[in-house]
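To start, the structure itself, in structure tokens.
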Amino acid sequence: MIHLPASVRVYLCLTACDMRKSFDGLHALVREHLELDAFAGHLFVFTSRRRDRVKILYWDRDGFAVWSKRLEEGTYAVPFGDSAKERRREITVQELGAVLSGIDLSQAKRRKRYQLSD
């Protein structure tokens, strides 16, 4: 289980990413492709074309941090965008935990819960 403050949002990049990118390359993707502010303290999730690798970029008070994982077998069930217009999708921290655990969110069903309106 991942424990993050409620203010932290998780953005999933719906385009395959070159996993050779590190801090500066991922920051450029957040700024130019996702059109978001990487300094806001949110998590930005990128996956490889084969979906066997994932990198998460986030701002950690005084610098960027990158979390990375390569699967030895299998893939992550991360969707890629159907159209060029959809570049990112916001997911919950719980959904991120599920994806990292190998759960396919497209087949999971969310039960009804109360949600405070914005």
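The values are calculated or read from the model by the stated rules, or taken from the named source; none is laboratory data. If you're wondering where the values come from, they're calculated on a predicted model, not measured in any experiment. A quick note on method: Cβ atoms are made from the backbone with ideal geometry, for glycine too, and the neighbour counts reach across all protein chains shown.
Some values worked out for this structure:
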{"quantity": "The stretch 95-106, residues that are exposed (fewer than 14 other Cβ atoms within 10 Å of the Cβ) and without any contact (Cβ under 8 Å) to a residue 24 or more places away in the chain", "calculated": "Ser101"}
{"quantity": "Ile56 vs. criteria β-branched (Val, Ile, Thr), surrounded by 11 or more Cβ atoms within 10 Å (Cβ to Cβ) and closer than 16 Å to Arg9 by Cβ", "calculated": "yes"}
{"quantity": "The stretch 59-77, residues that are in contact with a helix residue (DSSP H, G or I) (Cβ under 7 Å, 6 or more places away or on another chain), at pLDDT below 95 and closer than 24 Å to Phe39 by Cα", "calculated": "Trp59"}
{"quantity": "Among residues of the stretch 25-58, those that are of a type outside the set (Lys, Arg) and part of a loop (DSSP other than H, G, I, E, B), counted", "calculated": "8"}
{"quantity": "Residue in the stretch 60-76 that is farthest from the chain's Cα centre (by Cα), counting only those that are within 21 Å of Leu29 (Cα to Cα) and assigned to a loop (DSSP other than H, G, I, E, B)", "calculated": "Asp62"}
{"quantity": "Subset of the stretch 1-24 that is assigned to a strand (DSSP E or B) and aliphatic (A, V, I, L, M) - its residue that is nearest to Trp59 (Cα to Cα)", "calculated": "Val10"}
{"quantity": "Subset of the stretch 85-102 (residues that are in contact with an Asp or Glu (Cβ under 9 Å, 6 or more places away or on another chain) and either assigned to a helix (DSSP H, G or I) or closer than 14 Å to Val54 by Cβ (or both))", "calculated": "Ala98"}
{"quantity": "Tally, over the stretch 1-28, of residues that are hydroxyl-bearing (Ser, Thr, Tyr) and surrounded by 14 or more Cβ atoms within 10 Å (Cβ to Cβ)", "calculated": "2"}
{"quantity": "Scan of the stretch 39-64 for residues that are in contact with a Leu (Cβ under 7 Å, 6 or more places away or on another chain) and over 21 Å from Tyr76 (Cα atoms), ordered by number", "calculated": "Phe64"}
{"quantity": "Condition check for Asp37: of a type in the set (Asp, Glu), at negative phi and surrounded by fewer than 16 Cβ atoms within 10 Å (Cβ to Cβ)", "calculated": "yes"}
